[in-house]
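Colleague: My questions all concern the structure below.
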Amino acid sequence: MEAFEDLKTQWDGQSPSKIPEDGVQNIMEKMKSIKAKQRIMNIVLALTGIVLLGFFFYISAYRFQTVMTGLLLMLMALVVRIAIEIFSIGTINKLNPSEDVTNFKRRLVKYYNNRVKVHYIFTPIIILLYCIGFVMLLPSFKANLSSGFYTYIWISSLVLLIALGLLIGKQAKKELDVLRQLKS
C-alpha cells in the first residue's frame with residue numbers, strides 16, 4: 001500500500017504539461033497538410049480509375065472475360081482505396097483541435113492507429129489485387145502489342161510499383177513517427 005501512496009504522491013507532484021501558445025495553430029496547419037495530401041492521393045487515384053474505365057470501354061473489355069476481370073480488379077482496388085481515404089479525411093475533419101488536450105490526443109492516436117492499419121493491412125491487399133488484375137492483362141497485351149511496347153509496359157509497371165511501394169513506406173514511417181510521439 002505504501003508503494004501506491006508513493007506513486008500517487010509522485011504523480012500529484014508532477015508539473016502540469018504546458019501547451020504551447022501556438023499549439024492549436026500548429027495542429028491546424030498539420031491537419032490541413034494531412035488533408036491536402038489525402039486529397040491529392042484521391043485525385044491521382046480517381047484519374048487512374050477514369051483512365052482504366054476509359055480503357056475498359058475503348059478496348060471493349062466486356063467481350064473478353066480475362067481482360068474484363070483484370071480491369072475490374074484494378075478498378076475495384078482503386079475504388080476501395082479512394083473510399084478508405086475519403087473515410088480517413090472524414091475522420092480527421094471530425095477532430096476538434098480546440099477540445100481539451102487529453103481527448104484530442106486520444107482521438108489523434110486513434111486516427112493514426114487506424115492509418116497504421118490502412119498502411120500495413122489494407123494497402124498491401126489493395127496493391128495485390130491491383131497487381132493480379134494487371135497480370136491478368138499481360139497475355140492480352142503481349143498478343144496485341146508490339147514486343148517493344150509490351151516490354152515498356154512491363155518494365156514501367158515494375159518501376160511504378162517500386163516507386164509506389166517506397167512512397168507508401170515513407171508515408172507509413174512518417175505516420176508511425178507521429179504516433180510514437182503522441183504515445184510518448
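Colleague: Is it true that L176 is in contact (Cβ under 8 Å) with a residue 24 or more places away in the chain and either of a type in the set (G, A, S) or surrounded by 12 or more Cβ atoms within 10 Å (Cβ to Cβ) (or both)?
Modeller: Answer is yes for this residue.
Colleague: Collect the residues in segment 131-173 that are surrounded by 13 or more Cβ atoms within 10 Å (Cβ to Cβ) and either of a type in the set (K, R) or over 30 Å from N113 (Cα atoms) (or both), keeping them in residue-number order.
Modeller: Passing the criteria: F134, M136, L137, L138, S140, F141, K142, L145, Y150, I153, W154, S157.
Colleague: Still on this structure, I have one more. So for segment 73-87 (the condition being out of contact with any helix residue (DSSP H, G or I) (no Cβ under 8 Å at 6 or more places or on another chain) and either within 30 Å of K170 (Cβ to Cβ) or modelled with pLDDT of 85 or more (or both)), does at least one residue qualify?
Modeller: Scanning segment 73-87 turns up at least one residue that is out of contact with any helix residue (DSSP H, G or I) (no Cβ under 8 Å at 6 or more places or on another chain) and either within 30 Å of K170 (Cβ to Cβ) or modelled with pLDDT of 85 or more (or both).
Colleague: What about R115, is it basic (K, R), in contact (Cβ under 8 Å) with a residue 24 or more places away in the chain and within 26 Å of Q171 (Cβ to Cβ)?
Modeller: So R115 passes the test.
Colleague: Mind listing whichever residues of segment 85-100 are surrounded by 12 or more Cβ atoms within 10 Å (Cβ to Cβ) and touching a residue at least 40 places away in the same chain (Cβ under 8 Å)?
Modeller: E85, I86, S88, I89, I92, L95, P97
Colleague: Exactly one of (1) in contact with a Gly (Cβ under 8 Å, 6 or more places away or on another chain); (2) of a type outside the set (D, E, K, R); (3) over 29 Å from L75 (Cβ atoms) is unmet by Q181. Its number?
Modeller: Unmet for Q181, out of (1) in contact with a Gly (Cβ under 8 Å, 6 or more places away or on another chain); (2) of a type outside the set (D, E, K, R); (3) over 29 Å from L75 (Cβ atoms): (1).
The values are calculated or read from the model by the stated rules, or taken from the named source; none is laboratory data. Quick caveat, the model's predicted, so the values are computed rather than measured. Glycine gets a Cβ as well: all are built from the backbone with ideal geometry, and neighbour counts include every protein chain shown.
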